[in-house]
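Visitor: Dumping the structure here so I can ask a few things about it.
The values are calculated or read from the model by the stated rules, or taken from the named source; none is laboratory data. Bear in mind that the values here come from a model prediction, so they are computed numbers and not experimental data. We place every Cβ from the backbone using ideal geometry, glycine too, and count neighbours over all the protein chains shown.
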Number of protein chains: 2
Amino acid sequence: MSGILEGIRVLDLTQAYSGPFCAMHLADQGAEVIKIEPAQGEQSRFFTPLKNGGSAYYAYLNRNKKGMTLDLKNEEAKEVLWKLIETADVIIENFKVGKFEEMGFTYEKMKEVNPKIIYGSISGFGLDGPMAKRPCYDIVAQAISGMMSITGHIDSDCVKVGPSIADSFSGTYLSLGIMMALFNRERTGQGQRLDVAMIDTLFSIMENAVVTYTVEGTVPGRLGNMDPAVAPFDSFEAKDGEFVMGCGTKKMWESMCEMMGRPDMITDPRYATNEDRCANYLPDLKEEVNSWTRTKTIDELEELIVAAGIPFGRINDIGQITESDLIKRRNMLWEVYDPSIGENIKIPGCPIKVHGQEDKPSKAAPDLGEDNEAILAELGYSESEIQALKESGAL
Amino acid sequence: MSGILEGIRVLDLTQAYSGPFCAMHLADQGAEVIKIEPAQGEQSRFFTPLKNGGSAYYAYLNRNKKGMTLDLKNEEAKEVLWKLIETADVIIENFKVGKFEEMGFTYEKMKEVNPKIIYGSISGFGLDGPMAKRPCYDIVAQAISGMMSITGHIDSDCVKVGPSIADSFSGTYLSLGIMMALFNRERTGQGQRLDVAMIDTLFSIMENAVVTYTVEGTVPGRLGNMDPAVAPFDSFEAKDGEFVMGCGTKKMWESMCEMMGRPDMITDPRYATNEDRCANYLPDLKEEVNSWTRTKTIDELEELIVAAGIPFGRINDIGQITESDLIKRRNMLWEVYDPSIGENIKIPGCPIKVHGQEDKPSKAAPDLGEDNEAILAELGYSESEIQALKESGAL
């Protein structure tokens, strides 16, 4: 893809979700991302949904990347990777902590080969300390970080965020760190070592929860869809399902009371201020609102509530949002011919819209080893040397 | 803060969470972020938790920033902002779509004043289209995007992610877009117009959900803490509470069976492959695991399961993770003296660890208008002119 990162070479040694998502952001804006996998392919090539033996999971996260295989237990393969490191701007890995070093790839040695290299790692718990070498899945990070403890309905068991946000957010943070380091390198000529941990990542997005604990000494719990400090702000019941709305200002609250035909609630001392509304939200105010919304359909409520200037949302399922006019207009579904699936498929597009830049995929995710020959030839390997690498099992 | 973005000036005209979080990432790495607020302060100065009249919510999201007040309904204040735009590298806003333009601040005019400016906006639904001007809260984005539909327990109502991740993630995406644009500008001299929407943001982090719909045609639902494609991978019951673990490989599964004293399960045809285990997870396999884990405490289970090489997580509450050795070691709690609270408070630190760089706050969030005089003097305003601005209500 031509784009604003053209000319930047990224070696993506990552697997599964966090690291591939990190490198995807760079590939989407035009960086040359070389995905390096073991000969059998990285694990997400086998993640569902599968079609015709190919993984749409892999296809989504690895679009716009080149593909190369290297068996890093093989010495000749290691030599190839060292040559690639010489030519690269960025290298990213999410191996278990210590594994890449054990293979000989330390930051110190990388800097010798390429003093300007930017080396980024994603781990569960950071690169040292007693927990560093523990394996960490997204659900583990959601549990340990406290994210699960504040997600879920009141008086119900805690629940994880559906998609793996410790992965997607840590990948995005590393991508941000890499861009900061690349920017800085333009000015100073210096590389950097970057280290993003899944626990830190989730701990950094708790909004008010951590400061509520440190400042008030209270431990926030689960509030379902309610806001801790604004009411009414929740999901409510319509005749034909649930929807959400929130009255964040006095004006919105008063508009809502008028709309409900309940101007008496504006002067009701139970609801006089936002603090009063929060204090009397359960069960009184919630039931007052529900008793009105239950008499109307979601369509009817959307029209009324939007017209009143109050934030309103349908609770779409994944089919409804994917088929929506909104996603189409924003070009948030890309269609690519995926070689491992052998068909056109639709994948989520790029959420960072840069006006005037192309907003489409330049290529599908790579077939396994798709660019082996081209990349090796560029590094100076002859045809017979490439053949020898194949026979030795290096690729 | 000295750091890798030193010398970059960012005008932060944002409020609440998404925009301030975006600018916070840049401030944490040493950019000079000037937070510009109306005379009464932006809305999050009143967000809980409050102490001594100051907001720890504001303090957390605005550390490392300078503070200035400008009443943008006032013509002289607008003039000050134009002068600031001349000197800035980046300008960020999350007004309701169209509001900043109505005040006269169009991208076209900004480019005339400063051709290299990078202008980033965060909105709910993007900058145009029929929904553009609708107000959007995080809960609205979580509802419309489908995020709520795939978060929650099976057979239970859907629930939003506790903290406002449409805000934090869209802010982080804009921060990433800004760094890409800054990098590109070093090479090309060109500015950019960046546009990040909360709906796009959440749609881009659905992991397998969107491609499951587009490739298989099925609509993913809620799975509680289960993984859609791996079993056992869930929360389980100990004698003294819940915990999570996941067996992502055959080896982990077999280790678990051995650990449970149940080698028979390895050869049980109901559990032969991961597909079989998924198919027979509810109720059979889950109950087999729970019937063993219920006999042990979380401490006992942690020791056994970690030793078996299986990813394990305690479900910490916010107090437990905040007080943990892990957060301390990673320096993920910063202490600052906050001027509006008048005390030292603890706030989450920076999750992007750049080795060799300082990892601490250089200053607390600004008091309202803290840097008015210094910034105006730097722009060339004399003391009497500054006094006149104060008297006219521009500040």
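Visitor: Please work out if A:G224 is within 30 Å of B:G349 (Cα to Cα) and surrounded by fewer than 15 Cβ atoms within 10 Å (Cβ to Cβ).
Guide: Judged against the criteria, A:G224 is not a match.
Visitor: Could you grab me the full set of residues in segment A:228-244 that are under 18 Å from A:V161 (Cα atoms) and either polar (S, T, N, Q) or surrounded by fewer than 21 Cβ atoms within 10 Å (Cβ to Cβ) (or both)?
Guide: Answer for segment A:228-244, where residues must be under 18 Å from A:V161 (Cα atoms) and either polar (S, T, N, Q) or surrounded by fewer than 21 Cβ atoms within 10 Å (Cβ to Cβ) (or both): just A:S235.
Visitor: What residue, of A:V140, A:V80, is under 19 Å from the mean Cα position of the chain (by Cα), more than 13 Å from A:R193 (Cβ to Cβ) and buried (at least 18 other Cβ atoms within 10 Å of the Cβ)?
Guide: That would be A:V140, the only listed residue that is under 19 Å from the mean Cα position of the chain (by Cα), more than 13 Å from A:R193 (Cβ to Cβ) and buried (at least 18 other Cβ atoms within 10 Å of the Cβ).
Visitor: Looking at (1) touching a residue at least 12 places away in the same chain (Cβ under 8 Å); (2) under 28 Å from the mean Cα position of the chain (by Cα); (3) not in a helix (DSSP H, G or I), find the lone condition where A:T48 falls short.
Guide: Of the numbered conditions (1) touching a residue at least 12 places away in the same chain (Cβ under 8 Å); (2) under 28 Å from the mean Cα position of the chain (by Cα); (3) not in a helix (DSSP H, G or I), the odd one out for A:T48 is (1).
Visitor: Quick check, is B:I310 within 34 Å of the chain's Cα centre (by Cα), surrounded by 21 or more Cβ atoms within 10 Å (Cβ to Cβ), among the hydrophobic types (A, V, I, L, M, F, W, C) and assigned by TED's automatic domain parsing to the domain that holds B:A27?
Guide: Here the answer is no, as B:I310 does not meet what is asked.
Visitor: Taking into account only those residues within segment B:98-130 that are under 20 Å from B:P20 (Cβ atoms) and free of Cβ contacts under 8 Å to residues at least 60 places away in the same chain, which is nearest to the other protein chains (Cβ to nearest Cβ)?
Guide: B:K99
Visitor: Just for segment B:188-207: of the residues that are without any contact (Cβ under 8 Å) to a residue 60 or more places away in the chain and within 7 Å of chain A (Cβ to nearest Cβ), which one is surrounded by the most Cβ atoms within 10 Å (Cβ to Cβ)?
Guide: Out of the qualifying residues, it is B:F203.
Visitor: Can you report the number of residues in segment A:226-243 which are over 21 Å from B:S44 (Cβ atoms) and either under 30 Å from the mean Cα position of the chain (by Cα) or aromatic (F, W, Y) (or both)?
Guide: Result for segment A:226-243: 5.
Visitor: Could you please give the count of residues in segment A:342-358 that are within 22 Å of B:V210 (Cβ to Cβ) and at pLDDT below 95?
Guide: Number of matching residues: 1.
Visitor: In addition: Can you name the residue in segment B:167-200 that is among the charged types (D, E, K, R) and not in a helix (DSSP H, G or I) and, of all such residues, is nearest to the chain's Cα centre (by Cα)?
Guide: The selected residue is B:D195.
Visitor: In the list A:K66, A:K35, A:K51, which residue meets the criterion of being crowded, with 24+ Cβ neighbours inside 10 Å and in the same structural domain as A:Q357 (by TED's automatic domain parsing)?
Guide: A:K35
Visitor: So which helices (runs of 4 or more DSSP H) stay within segment B:259-354 end to end and still have 1 or more residues that are within 14 Å of chain A (Cβ to nearest Cβ)?
Guide: Filter on segment B:259-354 gives B:274-279, B:286-293, B:298-307, B:318-322, B:325-329.
Visitor: Among (1) closer than 30 Å to B:Y173 by Cβ; (2) of a type outside the set (D, E); (3) buried (at least 22 other Cβ atoms within 10 Å of the Cβ); (4) without any contact (Cβ under 8 Å) to a residue 60 or more places away in the chain, there is one condition B:Y281 misses while meeting the rest; what is its number?
Guide: Here B:Y281 meets the rest and fails (1).
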